[in-house]
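Colleague: Sharing a structure here in structure tokens format.
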Amino acid sequence: MSNPYQQPQGPYDPYGQQTGYGQQAPYGYPQQQPAPTYGQQPYPPQQAPYGYPQQHQPYPAAVQPPNNLAVASVVLGFVSVLGMCVPFAVVLGPVSLGLGIGALGRARKTGVGRSLAIGGVVIGSVATLILIAMVVFYANAFSQIP
């Protein structure tokens, strides 16, 4: 009868590793495939094991160009509202409104930038209304000067 606690003699490893050429990776580590030599094609990717869903690589979404008229409308609208004290900024409100209306037409064709174009129309309208109010105020103020 042999001793069950005695270490075996020879190339046996209790952890399942073989000695010499072709060692297995320890438990929990992925097994690496040998690198292909020069002139050989690399190994094809392995399939997912049975019972696991296939991993599909999604196609990248097509990037549509932005609606530049809508962006210009919003930017000029903000500049005109913030710069009402500067003489050249008062004309930017109607320009912003016109660009926003043009951007809405382009957004109807392309489907890109509709919300930005609506924002440009709204900001351009507010800037134009402020411009009209300023013109009425200054015209009234200067008409009462003797």
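The values are calculated or read from the model by the stated rules, or taken from the named source; none is laboratory data. Values in this document were obtained by computation on a predicted structure and should not be read as measured data. Cβ sites come from the backbone with ideal geometry, for glycine too, and all protein chains shown count toward neighbours.
Colleague: What residue, of Phe142, Phe137, is at pLDDT below 90 and either out of contact with any Ser or Thr (no Cβ under 7 Å at 6 or more places or on another chain) or not hydroxyl-bearing (Ser, Thr, Tyr) (or both)? Reasoning before the result, please.
Modeller: Details: Phe137 fails: at pLDDT below 90.
Exactly one of Phe142, Phe137 is at pLDDT below 90 and either out of contact with any Ser or Thr (no Cβ under 7 Å at 6 or more places or on another chain) or not hydroxyl-bearing (Ser, Thr, Tyr) (or both), namely Phe142.
Colleague: Within region 105-145, can you find the residues that are crowded, with 16+ Cβ neighbours inside 10 Å and among the basic types (Lys, Arg)?
Modeller: Matches in region 105-145: Arg106, Arg114.
Colleague: Six or more apart or on different chains, Cβ atoms under 7 Å: show the pairs whose first residue is in region 115-127 and more than 8 Å from Gly100 (Cβ to Cβ) and whose second is outside any helix (DSSP H, G or I).
Modeller: Cβ pairs passing all conditions: Leu116/Asn67.
Colleague: Now for a different question. What is the residue count in region 57-102 for residues that are more than 20 Å from Leu129 (Cα to Cα) and in contact with a Leu (Cβ under 9 Å, 6 or more places away or on another chain)?
Modeller: The number of residues fulfilling the criteria is 4.
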